[in-house]
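Asks: Supplied in structure tokens, the structure appears directly below.
Every read-out reported here was derived from the displayed coordinates using simple, explicitly stated rules and does not represent laboratory data. Note that the structure is predicted; figures quoted are calculated from it, not measured. Cβ: placed from backbone, ideal geometry, glycine included. Neighbour counts: every protein chain shown.
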Amino acid sequence: MSDVIVAPETRDLDDLARDLAAWLATRLPGASGISVENLAYPRGAGQSHETILFDARWTQGGREHRQGCVVRIRPDRFTVFPDTLFEQQYRVMKFLSDGGHVRVARPLWFEEDPAILGKPFFVMERKQGRVPVSIPPYARSGWLADATPEQRRVLWRNAVGQLAAIQNVPLDELGFLEGPEGARRGFAQEWNKYERFTSWLEEVAPQPVLRAALARLKENWPAHRPEGLVWGDARIGNMMFDENFDVVAVMDWEQPSLGGALHDLAWFCVLAETMHGPRSQVGAYLEGMGSHDETVALWQALSGKSAEDLSWYEDFTHFKMTCTGIRLSHLRGTPTMDEQAMARRLKVA
């Protein structure tokens with residue numbers, strides 16, 4: 001495991017332990033001996049929310065309790081996306097957990113009062129498992145690189161299974177994920193989000209390549225726009241697996257929407273190709289992981305939805321990732337991608 005910690009902000013963990021213990025006393029009536037221990041930032045992941053792992057101990061009703069927890073704190077200065085969607089993130093995870101629709105960490109408490117930790121936050125259970133981290137790239141080193149092709153095949157099937165399960169989630173009770181007027185849900189919602197993202201980036205610098213890419217994408221809008229829940233960052237790097245290579249939890253729901261079924265599949269396929277596919281940019285090809293066509297076929301079979309016009313959604317994924325990359329460069333004060341390279345990536349060269 002790498003010792004690299006990637007976090008947008010950090011704080012004194014002793015102070016945090018004290019503050020969380022005092023706050024837990026308000027959430028655990030009748031509990032005594034409350035303590036918060038073993039605080040740590042996750043290693044090798046996390047670029048937007050401040051996320052800290054901890055163990056909570058307390059006595060209640062004559063019994064000793066111990067709960068592994070994760071606290072996620074609302075971003076303030078380090079905001080990667082125009083829409084924070086912090087409460088929506090908690091609510092969609094709670095809906096998925098309560099209904100058993102998708103394997104997620106069970107949300108425990110939401111705190112909207114910024115006086116406790118300086119910002120709103122929520123606490124969820126800490127799952128035990130392994131994550132294919134991005135830093136260092138999981139295809140280059142680590143447990144997945146060391147696994148057998150047969151084990152990777154199991155992991156791939158289970159990952160696509162959860163990706164497809166998201167498309168079987170009933171949408172009737174997810175109205176809190178609706179977008180602005182005129183783009184409440186469906187294709188319009190996800191398109192509107194990235195039109196606004198482009199305008200947001202233009203507050204810092206002109207974005208002629210992004211504007212040209214938006215125009216190209218709009219000229220070729222897909223006819224196939226199936227409804228569905230959008231996870232927002234669909235990749236195996238946001239999944240936790242057990243020793244049998246089964247999914248323990250689907251993580252990082254910070255940009256959910258009702259934007260349609262194919263956005264997540266496209267994102268998953270593009271990231272798979274980038275991270276571990278035949279033309280991997282950061283590691284090596286991992287034998288056993290399903291090919292692009294195998295992933296699409298399995299997803300269609302499990303979700304019951306068609307992946308027609310997926311290539312357009314994959315182009316849109318490249319656009320989304322470029323927006324995110326530019327924003328992260330602005331936040332870090334680093335150079336953005338060369339405009340010529342960006343234009344080739346977005347097919348407007």
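Asks: Mind putting a number on the dipole of the stretch 143-345 about its Cα centre? Charges go on the C-beta only, +1 for Lys and Arg and -1 for Asp and Glu, and I need it in Debye to the nearest 20.
Replies: Numbers: 19 positive and 29 negative charges, 107 e Å.
Computed about the Cα centre, the dipole is about 520 debye.
Asks: On to the next question. Using r as the Cβ-Cβ distance of Asp14 and Gln281, and R0 as 41 Å, what FRET efficiency do you calculate, to the nearest 0.05?
Replies: According to the calculation, E is roughly 0.55.
Asks: Given charges of +1 on the Cβ of Lys and Arg and -1 on the Cβ of Asp and Glu, with all other atoms neutral, how large is the dipole of the chain about its Cα centre, in debye to the nearest 20?
Replies: Details: 39 positive and 47 negative charges, 47 e Å.
Value, rounded to 20: 220 debye.
Asks: Next up: Expressed as a rounded percentage, what relative contact order does the chain have, with Cα pairs under 8 Å and six or more residues apart? List each step's numbers first, then the result.
Replies: Values: 603 pairs, mean separation 58.7, N = 349.
About 17 percent, as a whole number.
Asks: Moving to a separate point now. If you look at just the Cα atoms of the chain, how large are its Rg and its Dmax in Å?
Replies: My reading of the Cα-based Rg and Dmax gives 20.6, 69 Å.
Asks: Can you give the log10 of the normalised intensity I(q)/I(0) at q = 0.15, 0.18, 0.19, 0.25 Å⁻¹, computed with Debye over equal Cα scatterers of the stretch 60-115?
Replies: Debye intensities relative to I(0), on a log10 scale: -0.61, -0.80, -0.86, -1.11.
Asks: Show the residues, 5+ positions off or on another chain, whose built amide H is closer than 5 Å to the amide H of Glu227.
Replies: Amide H to amide H, under 5 Å and 5 or more residues apart or across chains, Glu227 pairs with Ala261.
Asks: Expected output is a single nm value to one decimal: the length gained when fully extending between Glu243 and Arg27, i.e. 0.36 nm times separation in residues minus the C-alpha distance. What is it? Working shown, then result.
Replies: On the way: separation 216, 0.36 × 216 = 77.76 nm, distance 3.35 nm.
Length gained between Glu243 and Arg27: 74.4 nm.
Asks: In sequence order, what are the phi-derived ³J(HN,Hα) couplings for the stretch 197-207 according to the Karplus relation 6.51 cos²θ - 1.76 cosθ + 1.60 with θ = phi - 60°, rounded to whole Hz, with x for glycine and proline?
Replies: Running phi through 6.51 cos²θ - 1.76 cosθ + 1.60 with θ = phi - 60° gives 4, 4, 4, 4, 5, 6, 5, 9, 7, x, 10 Hz.
Asks: Cross-link candidates for Lys119: which aspartates and glutamates have Cα within less than 18 Å, leaving aside residues fewer than 8 places away along the same chain?
Replies: Leaving aside aspartates and glutamates fewer than 8 places away in the same chain, those within reach of Lys119 are Glu9, Asp12, Asp14, Asp15, Asp19, Glu50, Asp76, Asp83, Glu87, Glu111, Glu254.
Asks: Now for a separate question. Would you work out which of Ala17, Pro149, Thr84 lies farthest towards the positive end of the dipole of the chain, given +1 charges on the beta-carbon of Lys and Arg and -1 on that of Asp and Glu, about the Cα centre?
Replies: It is Pro149.
Asks: Something else now. So if I take the centroid of the Cα atoms in the stretch 25-99 and the same for the stretch 154-195, what is the distance between those two points in Å?
Replies: Measuring centre to centre over Cα atoms gives 24 Å.
Asks: Work the Kirkwood hydrodynamic radius out for the stretch 71-194: mean of 1/r over every pair of different alpha-carbon atoms, inverted, in Å. Spell out each step's value before the answer.
Replies: Details: mean 1/r = 0.0575 Å⁻¹.
Hydrodynamic radius (Kirkwood, Cα only) of the stretch 71-194 equals 17.4 Å.
Asks: How big, on average over all directions, is the shadow cast by the Cα convex hull of the stretch 13-125, in nm²? List each step's numbers first, then the result.
Replies: Values: hull surface 31.8 nm².
Here the figure is 8.0 nm², rounded to one decimal.
Asks: If we count other beta carbons within 10 Å of each Cβ, what is the order of Lys218, Lys305, Lys320, fewest first? Each step should come with its number before you reach the end.
Replies: Details: Lys218 10, Lys305 19, Lys320 22.
Ascending Cβ contact count within 10 Å gives the list Lys218, Lys305, Lys320.
Asks: Just list whichever of Lys94/Lys193; Lys218/Lys320; Lys218/Lys347 have alpha carbons separated by over 19 Å in the model shown. Let's see the in-between values first.
Replies: Details: Lys94/Lys193 23 Å; Lys218/Lys320 14 Å; Lys218/Lys347 13 Å.
Violating the 19 Å limit, Cα to Cα: Lys94/Lys193.
Asks: Additional query: Work out how far the C-alpha atoms of the stretch 208-349 reach from end to end along every principal axis, then list the three figures in whole Å, largest first.
Replies: Largest first, the stretch 208-349 extends 46, 35, 29 Å along its Cα principal axes.
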